[in-house]
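Here's the structure we're looking at; comments come further down.
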Amino acid sequence: MIKSELVLRIAEQNPHLYQRDVENIVNAILEEITRALTRGDRVELRGFGAFSVKKRDARVGRNPRTGETVDVDAKMIPVFKTGKEMRMRLNDGRDALDDDDGDEAPKSGRRTAKK
């Protein structure tokens, strides 16, 4: 889903709001998340997940085309960790797609507890 699809879906679910107002709201939310991450703050949306910033140290990399070594500067990267409620909803949705016999292991190779 892209931002314009998100705006359209929210506007459809809230017919009392104009689409341009929904777009302004979505842009404001995303902009505020970006500002908080720029300041180094953590943004937590309960039930959805948490955005944070992680520092990646400088390192020596390789140009994949030429094999030449390249100095890569230190940088900050955004990190998103899903919330417990989202993980549970995603796993419940996946379970509905699995076979009914319940003996199929998850594709990630990790075992999950049966409900």
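Here are the numbers for this structure:
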| item | result |
| --- | --- |
| Residue ID - farthest from Ala74 (Cα to Cα), chosen from residues in segment 7-38 that are under 19 Å from the mean Cα position of the chain (by Cα) and either charged (D, E, K, R) or open to solvent by 100 Å² or more (accessible area, probe 1.4 Å) (or both) | Arg9 |
| Residues of segment 70-85 satisfying the condition of being in contact with a Gly (Cβ under 9 Å, 6 or more places away or on another chain), in a strand (DSSP E or B) and surrounded by 10 or more Cβ atoms within 10 Å (Cβ to Cβ) | Val70, Val72, Met76, Phe80, Lys81, Thr82 |
| Any hit, segment 44-51, residues being under 30 Å from Met88 (Cβ atoms) and of a type in the set (D, E, K, R) | yes |
| Conditions (1) within 17 Å of the chain's Cα centre (by Cα); (2) modelled with pLDDT of 95 or more: number failed by Arg89 | (2) |
| Candidate set: segment 39-56, residues that are open to solvent by 100 Å² or more (accessible area, probe 1.4 Å) and part of a loop (DSSP other than H, G, I, E, B); chosen: the one nearest to Val7 (Cα to Cα) | Arg46 |
| Test result for Arg65, over 20 Å from Ile2 (Cα atoms), charged (D, E, K, R), open to solvent by 90 Å² or more (accessible area, probe 1.4 Å) and assigned to a loop (DSSP other than H, G, I, E, B) | yes |
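The values are calculated or read from the model by the stated rules, or taken from the named source; none is laboratory data. All values derive from a computational prediction rather than experimental measurement. A quick note on method: Cβ atoms are made from the backbone with ideal geometry, for glycine too, and the neighbour counts reach across all protein chains shown. Ligands, DNA and RNA are excluded from the accessible area calculation, which covers all protein heavy atoms including side chains. Shrake-Rupley method; radii C 1.70, N 1.55, O 1.52, S 1.80 Å.
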